[in-house]
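Some notes on the structure that comes next.
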């Protein structure tokens, strides 16, 4: 299924697509040079928004939880990319410990874990699952909807190594974003590689650090292809010391919202864009679409209702929000389905190492083009990408599916590169750098 754009494809985005296609050799050469200098995260997923006049990433997840939404045809790409990543980290690796989230009742998430394990096993690794579930004292099977099962086993710490009772892994792969903090059992593992590194977890990671790194990447790339970096980059600012319950920080929020909205208005005037600017206020740490609010005027920030303040004050694992990012809202003109089933959609691109390995569409038929789609009622279209994001077709028009998806893949890889810079800049002094 290829979604349709509800905006004309003869405007600015078509021009961007054409520039990307014309500059493909330079783009791929530039990408290769960047990966020679920076180590990509083991995996990642990027939420994109296509406004017709702008295509930009709005979120970067370093612990992707939707591998089950990828079409099976992408499995070979996933395996090949995983092999590349593992060869760089530990060429002689034989055993890998996968540590998932504690969502034992979320069968969709568990199917994601099963897919990750299956991909890794196809690289030649023995893969077993170690769980951070409190009170787990023995191996416990968890049934999946397709009749298969996962075996969750209690972790065993031996000095500076972590494993299972009868399993000594070469490396540890986290699919747990550490929202509630870094558990002691994961600290001080000097003899094992942990992927992604511990400081990639939401206990310490901040979205503002990622988008500051993305600023640098987008500016360099825009110079390479000759475009305004704003076309692929959302404005943002940050407020800390926020307490939604006590209404502390409202003035900072209102001022920053007003400032970002004015920057957007200037760009809309420059490009004669007839849309209403908006920003998305969201927790600077966290995922699952929690702690997110759409704002079209700074006055909306002052005097939030109790319900709004409760929604914004707490995120996953009950963590309190004290710092927020005010991000330029990017409209999405993507539509998937028809009739009553038609919904607003946004592409989600998946990567392993430096490679795009697939993607799908997040769809919500109760939300508008300027709203957060990562919300209850969303669903996924796993067959959305009929063609790879890696194979443009110069014989077709720039808006043809393989070419549009190539552009999506390029922007997603820019976000993956920004994540590399982010992790380098925020790495604690005591933590060793990743293997090259």
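Read the figures in this text as sums done on the coordinates, not as results from a lab. Being a predicted model, the structure only gives us computed values, none of them experimental. Note that we place each Cβ from the backbone using ideal geometry, even for glycine, and neighbour counts take in every protein chain shown.
Residue separation of residue 212 and residue 151 scaled by 0.36 nm, minus their Cα-Cα distance, works out to 18.0 nm of gained length.
Distance between the pseudo-spin-label points of residue 306 and residue 94 (7 Å out from Cα toward the beta carbon): 6.2 nm.
Quick check: the angle from helix 75-89's long axis to the longest principal axis of the chain, C-alpha only, nearest 10 degrees? Between helix and principal axis, roughly 70 degrees.
Computed over every Cα-Cα pair of the range 180-336 and binned at 5 Å starting from 0, the pair-distance distribution P(r) comes out as 2, 8, 15, 18, 17, 15, 12, 8, 4, 2, 1, 0 percent. Per the Debye formula with a single identical scatterer at each Cα and no solvent contribution, what log10 I(q)/I(0) holds for the range 73-203 at q = 0.20 Å⁻¹? One equal scatterer on each Cα of the range 73-203 leads to -1.31. Net length available on complete extension from residue 255 to residue 323 is 23.0 nm, with 0.36 nm assigned per residue and the Cα-Cα distance removed. Here semi-axes √(5λ) of the Cα gyration tensor in Å was computed from the coordinates, and among [x] 43, 23, 17; [y] 46, 28, 23; [z] 34, 27, 21 the match is [z]. For the chain, what's the relative contact order in percent, using C-alpha pairs closer than 8 Å and at least 6 residues apart? After rounding, I find 23 percent. In the chain, helices alone account for a calculated mean residue ellipticity at 222 nm of -10000 deg cm²/dmol, with every DSSP H run of four or more residues adding -39,500 (n - 2.57). Between the helical axis of 250-270 and the longest alpha-carbon principal axis of the chain there is an angle of about 60 degrees.
Which residues in the range 99-135 have a backbone N closer than 15 Å to a point placed 7 Å from the Cα of residue 72 along the Cα-to-Cβ line? Residues 115, 118-119 fall inside that zone. Compute the acute angle (0 to 90°) between the alpha-carbon long axis of helix 12-22 and the principal axis of greatest extent of the alpha-carbon atoms of the chain; round to the nearest 10°. Approximately 60 degrees, to the nearest 10.
Would you mind ranking 406, 333, 268 so that the residue whose beta carbon has the fewest other beta carbons within 10 Å leads the list?
Values: 406 25, 333 20, 268 15.
In increasing order of surrounding Cβ atoms, one gets 268, 333, 406.
Normalised by the number of residues in the range 73-203, the mean separation of alpha-carbon contacts (under 8 Å, six or more apart) gives a relative contact order of 25 percent. With R₀ set to 30 Å, the beta-carbon distance separating residue 139 from residue 84 gives a calculated FRET efficiency near 0.40.
Just to be sure I understand: of the beta bridges DSSP finds with both ends in the chain, what percent are antiparallel, rounded to 5? Can you show the working numbers first?
Working: 51 of 66 bridges.
Taking every DSSP beta bridge with both residues in the chain, the antiparallel ones total about 75 percent.
By average Cβ neighbour count within 10 Å, what is the ranking of 120-127, 296-303, 351-358, 14-21 from highest down?
Numbers: 120-127: 17.1, 296-303: 15.0, 351-358: 24.8, 14-21: 18.8.
For the peptides 120-127, 296-303, 351-358, 14-21, the packing ranking is 351-358, 14-21, 120-127, 296-303.
Mean-square fluctuations from a GNM of the chain, with a 10 angstrom spring cutoff on Cα atoms, peak among 183, 40, 100 at 183.
Rank these for me by crowding, 33, 84, 179, going from fewest to most other beta carbons within 10 Å.
Numbers: 33 10, 84 16, 179 21.
Exposure proxy ranking, most exposed first: 33, 84, 179.
By the beta-carbon count within 10 Å of each Cβ, the least crowded to most crowded order of 43, 271, fewest first, is 271, 43.
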